[in-house]
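Beneath this line is the structure, given in structure tokens, with notes to follow.
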Amino acid sequence: MTTRAGRAAAGSQGTDPTWYRDAIIYEVHVRSFADSDGDGVGDFRGLTQKLPYLAALGITAVWLLPFYPSPLRDDGYDIADYTAVHPQYGTLRDFETFLHEAHRRGLRVITELVLNHTSNQHPWFQRARRAPAGSRWRDFYVWSDTPDRYAEARIIFKDFETSNWAWDPVARAYYWHRFYSHQPDLNYDNPAVRRAILRVVDFWCALGVDGLRLDAVPYLYERDGTPCENLPETHAFLKDLRRYVDARYPHRMLLAEANQWPEHAAAYFGDGDECHMAFHFPLMPRLYMALKQGNISPLEWVFERTPAIPENCQWCTFLRNHDELTLEMVTPEEREYMWREYAPDPRMRLNLGIRRRLAPLLDNDQRRIRLLYSMLFSFPGTPIVYYGDEIGMGDNIELFDRNGVRTPMQWDASPNAGFSTASPSLWYAPMISTPPFDPAHVNVADQTGRSDSLYHFLKHLIILRKAHPELSSGEMRWLQTGSRSVAAVLRIEKNRWLCAVHNLLDAVQEIELCFPQAKGSFRDLIEGTLIYHADAGRLTLQPYQTVWFAGTMDQG
Ligand code: GLC
């Protein structure tokens, strides 16, 4: 049996230090996936049993939402103990078994490092509020006698909070919180806090996790007269963290959750010496916007605005995740547009976003769902697939906060959908029960058995993505087509190229397509049919059709 230290020294998976650049990440919540012990809540044993399903889909890394002890008032982002497993999800040994089994199948595991804040139930906070003002323990958090400081900092959970300060009757002082008031922010000016967080990093890296998602990373420090986001002190801390991790745990990846404009998000790469990855938040709503408007302008704009990034870094791109579809990185007019078009019912809106899943957002139109996936997989960045979206699961806007996009995974058409043997009244959340998204219509068993399903489409894109390294790290150029309603990109690396064409309209389009790299005739990599002759330089696109073809420079 390998020791923890042995595993840490050996690194985790394989020998490629930049594995994340061509990964395909699957985001999953332990509690939503599979319940092994019949209590109505998904757990690590259930997740481990489903690893063959994930391996068969072709993804290469699993990102787990927080699974630590927590009062679960923010679904686990309110951590009460950083180095244990919530008993509902199993034991630490169950986690280790999961990790081991994932690694055995060549899958990497990314976990959450929620470093900006804790739950108010965390012993650090309980100790802080009782410690004398000004003491090292009190200063684990950020306190003030008045709620007026740092007034330039925006409120993120606008629908729930009116201030970033909350009164603590025990400490008889206000404490700072960027999210829910039950999530006090840690004080990174206190060296003891920075050391405590490194112990958390040690714990999970020593167990062998491959990557850490740094939750809410822009908000670590507060400074008067600033918006308290993206401060130089935060970047300095990240450089220290990176040095620390690199020196001890080879091939681990740090992923920045920085919901920021491209230039600020790119700053989290540093000079290749901060985070290895960062989410590309501004791209996501513009994929939906371009599709709805039938116009490539939002996409051109966002790529134009995105700076070049260091060689060893990579963007993480996504269509949906466990949060609301955030509209923070758009203009107020664009936000109104997105709300009007994609969230006509006010219950679909939350904070500055939309709490719906991929398939309902696109009216369950399989052509448009596939089109968005095709853009995600052919544009730069490492794509993330949110659990359930590979089969086009629905959402439930009746549920509180973001719970409507976190419902149980639908494995089969049986009444319990194969999620749990418990009576549904005991489940952590109700199953989606209204057609066309109920388990009778949307489930894994049906889609894995049907070659024309969304599952198989996505699986095919994953195969193509792996077979074409130019999609992971190649440069991207827009191709002129004579139509503003077609998004055509050329990805090039060394002597390889891949062209992906997307018809953003519900109408047939005849386009011109000429680029010097293409010589001869080409088959569509998705449908397998002959589609393009370079000499003719024309392409016919069916409504919302997506076409990929590829070649090498020395061809012809
Ligand atoms: C991140 C998470 C979100 C959580 C918040 C506060 O934005 O994605 O789910 O509520 O941080 O921890």
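The values are calculated or read from the model by the stated rules, or taken from the named source; none is laboratory data. Small disclaimer: the values here were computed from a predicted structure and weren't measured. Neighbour counts are summed over all protein chains in view; Cβ atoms, including those assigned to glycine, are modelled from backbone coordinates with ideal geometry. With ligands, DNA and RNA removed, areas are computed over all heavy atoms of the protein, side chains included. Shrake-Rupley method; radii C 1.70, N 1.55, O 1.52, S 1.80 Å.
Here are some notes:
- Of R149, R223, R178, all but one fail to be charged (D, E, K, R), modelled with pLDDT of 95 or more, within 16 Å of the ligand (Cβ to nearest atom) and not in a helix (DSSP H, G or I); the exception is R178.
- Residue within the stretch 155-166 that is within 16 Å of the ligand (Cβ to nearest atom) and part of a helix (DSSP H, G or I) present: no
- Hey, D202 among the charged types (D, E, K, R) and either within 16 Å of the ligand (Cβ to nearest atom) or crowded, with 21+ Cβ neighbours inside 10 Å (or both) or not: no
- Only a single criterion out of (1) open to solvent by less than 10 Å² (accessible area, probe 1.4 Å); (2) in a loop (DSSP other than H, G, I, E, B); (3) of a type in the set (S, T, N, Q) is not satisfied by T15, namely (1).
- Within the stretch 242-259, the set of residues being touching an Asp or Glu at 6+ places or on another chain (Cβ under 8 Å) and either away from the ligand (no atom under 16 Å from the Cβ) or open to solvent by 10 Å² or more (accessible area, probe 1.4 Å) (or both) comprises R242, R243, R248, H251, R252, M253, E257, N259.
- Yes/no for L454 being at pLDDT 95 or above and open to solvent by 30 Å² or more (accessible area, probe 1.4 Å): no
- Matching residues, the stretch 491-507, being under 25 Å from the mean Cα position of the chain (by Cα) and either outside any strand (DSSP E or B) or without any contact (Cβ under 8 Å) to a residue 40 or more places away in the chain (or both): L504
- In the stretch 307-347, residue surrounded by the most Cβ atoms within 10 Å (Cβ to Cβ) [restricted to those that are aromatic (F, W, Y) and without any contact (Cβ under 8 Å) to a residue 60 or more places away in the chain]: Y342
- Complete set of residues in the stretch 70-87 that are more than 13 Å from the ligand (Cβ to nearest atom) and surrounded by 20 or more Cβ atoms within 10 Å (Cβ to Cβ): A80, Y82, V85, H86
- In the stretch 297-306, the residue that is surrounded by the fewest Cβ atoms within 10 Å (Cβ to Cβ) out of those that are out of contact with any helix residue (DSSP H, G or I) (no Cβ under 6 Å at 6 or more places or on another chain) and of a type outside the set (D, E) is S297.
- L99 being in contact with a Leu (Cβ under 8 Å, 6 or more places away or on another chain) and either over 25 Å from A256 (Cβ atoms) or surrounded by fewer than 22 Cβ atoms within 10 Å (Cβ to Cβ) (or both): no
- Residue under evaluation D535, criteria (1) without any contact (Cβ under 8 Å) to a residue 12 or more places away in the chain; (2) open to solvent by less than 40 Å² (accessible area, probe 1.4 Å), criterion not met: (2)
- Residue check, F125 away from the ligand (no atom under 16 Å from the Cβ) and at pLDDT 95 or above: no
- Test result for R484, over 27 Å from the mean Cα position of the chain (by Cα), open to solvent by 70 Å² or more (accessible area, probe 1.4 Å) and over 30 Å from H441 (Cα atoms): yes
- Residues of the stretch 120-146 that turn out to be part of a loop (DSSP other than H, G, I, E, B) and loosely packed, with under 14 Cβ neighbours inside 10 Å, as a count: 7
- Residue that is out of contact with any Ser or Thr (no Cβ under 8 Å at 6 or more places or on another chain), among the acidic types (D, E) and either away from the ligand (no atom under 16 Å from the Cβ) or part of a helix (DSSP H, G or I) (or both), where the choices are E96, E112, E101: E96
- Taken over the stretch 169-196, the criterion of being among the acidic types (D, E) and buried (at least 18 other Cβ atoms within 10 Å of the Cβ) is satisfied by D185 alone.
- The C-beta contact set for the stretch 148-168 (first residue assigned by TED's automatic domain parsing to the domain that holds L352, second residue open to solvent by 70 Å² or more (accessible area, probe 1.4 Å) and within 15 Å of the ligand (Cβ to nearest atom), distance under 6 angstrom, 6+ apart or interchain) is empty.
- Checking the stretch 58-68 against the condition returns a match, with at least one residue being in a strand (DSSP E or B) and away from the ligand (no atom under 16 Å from the Cβ).
Residue-by-condition table, conditions (1) in a helix (DSSP H, G or I); (2) without any contact (Cβ under 8 Å) to a residue 24 or more places away in the chain:
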site: Y428; (1), (2): no, no
site: P435; (1), (2): no, yes
site: A440; (1), (2): no, no
site: Q447; (1), (2): yes, no
site: H456; (1), (2): yes, yes
site: I462; (1), (2): yes, no
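- Wholly within the stretch 307-408, helices (runs of 4 or more DSSP H) carrying at least 1 residues that are under 29 Å from Q545 (Cα atoms) and acidic (D, E): 332-342
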